[in-house]
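Working notes, structure below.
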Amino acid sequence: MIGQKDIVTSRAAKEVAAGPPLICVKDLRVIFDAGRAGFWGRKRLQVHAVEKVSFDIHPGETLGLVGESGSGKSTTGRAILGRVPITSGTIFFQDKEITHAGKEMVRALSRYMQLVFQDPYASLNPRMKIVDIVAEPLLVHGLVKNTKEAAGEVAQLLELVGLPPDAGARYPHAFSGGQRQRVGIARALALKPQFIVADEPVSALDVSIRAQVVNLMQDLQARFGLAYLFIAHDLAVVRHISHRIAIMYAGNIVELADRHLIYESPVHPYTKALLSAVPVPDPPVQRARQRITCAGEAPNPMDPPAGCRFQSRCPHVTQTCRDTAPVLTSRRPGQTAACWNC
Amino acid sequence: MNDNQNTPLLEVRNLVVNFYTRGGVVQASRGVSFQVGHGQTLGIVGESGSGKSVAVQAVMGLISNPGRIEGGDIFFMGQSLLDPAGRKFVRKVRGKDIAMIFQDPMTSLNPVFTIGTQITEVLRHHLGMNRDQARKRAMDLLGLVDINAPEKRLKQYPYEMSGGMRQRVMIAMALACEPRLIIADEPTTALDVTIQAQILELLADLQQRLAVSVILITHDLGVVAQLCHRVAVMYAGRIVEVGDADQVFASPVHPYTKGLIRATPRLDVVTERMVSIDGVPPDLISPPQGCAFSPRCDQAENACLRPQTLTPLGDDRHVSCWCAIKGDTR
Amino acid sequence: MSPTSADTLEKALEKNRYERVEKLLELGRELKRDKAGLIGVILITALVMMAVFAPMIAPHDPTDQDLTARLAPPVWYEKGTWNHMLGTDHLGRDVLSRTIHGARVSLWVGAAVVLLAGGFGVVMGLMAGYLGGRTDAFVMRWIDTQVAFPGLLLALIILAVIGPSLTTVVVVLALNGWMVYGRMTRSAVLSIRQSPYVEAAEVVGCRWPRVIFRHILPNLTSPLLTLAILEFARIVLAEAALSFLGLGIQPPATSWGLDVSMGKNYMFMAWWLVTIPGCAIAVTVLAINLVASWLRLISDPQEREKQFARHMAGAMRKKMQASIEKELKAP
């Protein structure tokens, strides 16, 4: 990792311990095969989901990963968990390369890294009791012999996420979205992981419940020193939980900065558009706000343009942007952005 | 917004809708009343299960089997939509004078017909246009919703378009018959934030230009703040607060409205921690006695167990909260 | 703290068992409302009872010949006797007893084939759908090939080589019938494996057999159950057909198909010889289909809700009418 054209990564807020990163992603590229097209299928279709993405996450830190649908944010998260074939680049977990981990290694790693899902309704098996769902990780890793043996631990986990222990005896359909998401978190915590990928964990929840779950995740982080990759589709929810935030657009990270810098002095035009797209719940303020609505839509991931991927929607586009893709460069301490003109 | 006519465009009076499920009778709408004036935009805000969609589904006649309208009435331009004697009027009104925009444009557009076929179909059926007239009007409509190269778009199928583009087509179709009222049920929930911003801008612009009335159903207070003149906040099948949007946001009276505004994350104000409302929404099979919000309310007292109605507080604001009526806690 | 919370959980788990009974009772109540389904279930239960207790119910041994009473008509004819309620065949065997005993063969073959073919087909479908790739290609091509090969021909070949018997009939029908389970299971697995709870199971570290049998299979039970019951009806017919052709059950054993086949020679003298076993086949298949359509309804939560709402609406209308009538009568 030394001696290469290093991409600047900033050490996050002070509370995060200095030291080696827990997760280190470097030049990650994920290209999916999407079948063939044309006569006799001569043309191969490829989806460029993630292109040259680099970041690291320290123990106890939350990296917010924000992007719209198709930006490759979920793919990035799943690549770290070994659920997506990686085209090129490297991923390290505690100085150990896990880029092309095999099935057994991914299984072993599942004790250290877990996933929290977006849809609390679809992510719990409707035919299993809550106790079986939460005990399953313990069971399949041979930490307990049967569910009965796990009862004590399951009850503790349920209390930890704010559910009554007798909730374990019921089936998922008896619970509301927020409660199910708590069950999902309890399942992820069962193996006492160090790192959790949270894939839009509150997007499907109601506003009044959203904050409950985010606060719970923050409390758990403080208590167990967890590191999160917190994926979201807008900048409103990641604000409180993230130490640093990475903005993704069409497979690229366009800006990566400490939290307060993203909100106070965003650099990339897309970050600015994202910020102004979240409406403020105050009519006079919202009416008075200067809104940047970037016209147009994201490029086709099967045929991304040369140069900057944001060029079709960017208000400051120049010839350089069309020819060469910008890389992340340092703008101020703790802030990097990939843009030629800002 | 000044109302010249005395009768509101749409009036929903004491609407009661029940869903008969095996688990029990779900009281989805427990006496909902609201009005929409001419050229006015009403935002109905609530969380999932608050009954916000049920109210407008009743207006559109979309309540079917497990659900039954069991009380109240709906008047459009002074005429009842629920009166069985006025079936002809109802058929004429729905789809022509009242149009609806749904959350997911992909499921409400027919995947096997081109956009052009679908728009011209509406025009020919409702307005009796011939092929050429309909085509010309369809192009105008697409232009109206800021779709470039309408001629090319008319030949496309829904799957060839992005989500934002499809929602624009849906809006164009809703505008086809020059409706007096547009009901938009979570029109931007399925879209990305930057696309949502585009669509909201478009809706606001169209509403002003065409002076059409709009009911906007949403769970996002920010969307209401951008678009609506009036806002009704729903909780557990009832409206808990309704009034002028600026005033409701500036000085909410009902504790639920207050909580909701505080829980909506704001990018322009820095807070330490996200604010939540403790507890979970009630089960509508056996909703709490009296004020449904009282189990989650920190001001709750014994009085809150008494049945409540929306009570006027002056300046067009109505609230159903004993504490607020007593003290006017603004 | 922790021991008490664990206790709470264990107590709650204990209480669960009663809820299961409650659910069964509710299912019963719903069955009572669906008349067609209820008739189907009653008929099937009766058939099963008939098959199980055949030796006790049947008035005669099905193979007992009484050459003095050959081709005796049913009881409602002048010459009919109560001794042979539904008449006798050309060897003087009691038709009623043969029909009762015939149920045994039909149901046994049906159950055995459904279990064998279903079990094999489902396992193959699960593997093909979940493992994908070469396994999938191999299983699917195998199924395609076998579907393309005429089933009756295969049956004829096997039966000709091994010789007809009850076991061979079961094996032949199972060999011909597993593909439909395989295909259906595979397509269902393909959609279920996309669901987040399957991904969750994988992320948590479940190995594939556990994912398949613990997470995917239980969520397939309702469509598979419906399919299995419909297949059961088909198998009953198929067994009858094979026996009719002389390739199935061999005399002196009894089977409805065999009886129809033997009766056809006397069709114009003694119509009851073909009609009564034929009716037995028809009633069985009808009953199974009634049950299957009810099950399909009950296993779809949305349909179940609609059904319930319809019932409630009807009940309320009745109640309202009753109260109106009461009011009218009161003064």
The distance between the Cα centres of the stretch B:273-323 and the stretch B:37-91, in whole Å, is 24
Here the gain from full extension of C:ASP7 to C:PHE138, 0.36 nm per residue of separation minus their alpha-carbon distance, amounts to 42.1 nm
1/(1 + (r/R0)^6) with r = Cβ-Cβ of B:MET77 and B:THR309, R0 = 35 Å, i.e. FRET efficiency to nearest 0.05, evaluates to 0.85
With B:ALA134 itself left out, Lys, Arg at +1 and Asp, Glu at -1 over residues whose Cβ is under 13 Å from its Cβ give +2
The answer for the net charge of residues other than A:ARG36 whose Cβ lies under 12 angstrom from its Cβ, with Lys and Arg +1 and Asp and Glu -1, is +2
The pairs in B:LYS258/C:LYS11; A:LYS52/A:LYS96; A:LYS52/A:LYS192; A:LYS73/C:LYS306 lying past 29 Å Cα-Cα in this model are B:LYS258/C:LYS11; A:LYS52/A:LYS192; A:LYS73/C:LYS306
Summed over the other residues with a beta carbon less than 14 angstrom from that of C:GLU231, with K and R at +1 and D and E at -1, the charge totals +2
The lysines whose Cα lies under 23 Å from the Cα of B:LYS136, excluding any fewer than 8 residues away in the same chain, are B:LYS96, B:LYS152, B:LYS155
Between C:LYS23 and A:LEU45, the two model label points (7 Å from Cα along the beta-carbon direction) sit apart by a distance in nm of 4.1
At R0 = 22 Å the Cβ-Cβ FRET efficiency linking B:ASN110 and C:SER191, nearest 0.05, sits at 0.45
Residues meeting the amide H criterion for A:ASP56 (H placed from the backbone, H to H distance under 5 Å, 5 or more places apart or on another chain) are A:VAL25
Rounded to the nearest 10 degrees, the helix B:193-210 long axis (Cα) sits at an angle to the longest Cα principal axis of chain B of 80
With all protein chains present and a 1.4 Å probe, the order of B:MET100, A:MET105, C:MET49 from largest accessible area down is C:MET49, A:MET105, B:MET100
By the DSSP-based rule, helices of chain C that are at least 27 Å long along the axis (C-alpha) and have a mean Kyte score of at least 1.6 are C:272-299
For the stretch B:266-279, Karplus-derived ³J(HN,Hα) couplings (6.51, -1.76, 1.60; θ = phi - 60°; whole Hz; x for glycine and proline) come out as 10, 8, 9, 10, 8, 10, 6, 9, 6, 9, 10, 9, 5, x
B:VAL270 and A:ALA306 label points (each 7 Å along its Cα→Cβ direction) are spaced in nm at 4.5
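Classify the protein assembly as shown as rounded, prolate or oblate from the Cα gyration tensor: take a ≥ b ≥ c as the square roots of its eigenvalues, call it rounded if a/c is under 1.5, otherwise prolate when a/b beats b/c and oblate if not. Walk me through the numbers before you get to the answer.
Values: a/c = 1.90, a/b = 1.48, b/c = 1.28.
Prolate, since a/c reaches 1.5 and a/b exceeds b/c.
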Long-range amide H partners of C:ASP61, meaning residues 5 or more apart or on another chain whose placed amide H is closer than 5 Å, are none
Those helices of chain A passing the 24 Å axial Cα length cut-off and the mean Kyte-Doolittle cut-off of -0.5 (DSSP H runs only) are A:207-224
So the FRET efficiency between A:ASP323 and A:LYS103, C-beta based with R0 = 41 Å and rounded to 0.05, is 0.45
Full extension between C:ILE162 and C:MET267 adds, at 0.36 nm per residue less the Cα distance, a length in nm of 34.6 nm
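Where does the stretch C:1-132 land on Rg(C-alpha)/(2.2 N^0.38 Å)?
Against the compact-globule rule of thumb, the ratio is 1.79.
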Comparing B:ASP83, B:ASP220, B:ASP73 in a Gaussian network model of chain B (Cα, 10 Å), the one with the largest mean-square fluctuation is B:ASP83
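What percent do you get for the relative contact order of the stretch A:234-304 when only Cα pairs under 8 Å and 6+ apart count?
Over the stretch A:234-304, the number comes to 25 percent.
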C:LYS319 and A:SER265 label points (each 7 Å along its Cα→Cβ direction) are spaced in nm at 6.9
Ordering A:ASP219, A:ASP95 by the accessible surface of their heavy atoms, 1.4 Å probe, largest first, yields A:ASP95, A:ASP219
Rounded to the nearest 10 Å², the 1.4 Å probe accessible area of B:THR309 is 100
Any aspartates and glutamates whose Cα falls less than 12 Å from that of A:LYS43, other than same-chain ones fewer than 8 residues away, would be A:ASP33
Most fluctuating of C:ALA160, C:ALA238, C:ALA117 in the GNM of chain C (C-alpha, under 10 Å) is C:ALA160
Note on chain B: contact order normalised by length, alpha-carbon pairs under 8 Å, 6 or more apart, percent, works out to 20
Counting only protein heavy atoms with a 1.4 Å probe and every protein chain in place, the carbon and sulfur fraction of the accessible surface of chain C in whole percent equals 68
Rounded to the nearest 10 Å², the 1.4 Å probe accessible area of C:LEU190 is 70
Reported to the nearest 10 Å², B:LEU202 has, with a 1.4 Å probe, an accessible area equal to 10
For C:LYS318, the aspartates and glutamates lying under 17 Å Cα to Cα, once residues fewer than eight places off in the same chain are dropped, come out as B:GLU70, C:GLU327
Whole-percent tail of the Cα-Cα distance distribution for chain B, cut at 32 Å, equals 32
Sorting A:LEU115, A:LEU143, C:LEU91 on solvent-accessible surface, 1.4 Å probe, most exposed first, gives A:LEU143, C:LEU91, A:LEU115
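Averaging sequence separations of C-alpha pairs under 8 Å and six or more residues apart, then dividing by the length of the stretch A:56-133, give the relative contact order as a whole percent.
Computed value for the stretch A:56-133: 16 percent relative contact order.
The values are calculated or read from the model by the stated rules, or taken from the named source; none is laboratory data. Predicted, not measured: the structure shown is a model, and the values here were computed from it. In this analysis, Cβ positions are derived from the backbone assuming ideal geometry, glycine residues included, and neighbour counts consider all displayed protein chains. These accessible areas exclude ligands, DNA and RNA; they are computed on the full protein's heavy atoms, side chains included. Shrake-Rupley method; radii C 1.70, N 1.55, O 1.52, S 1.80 Å.
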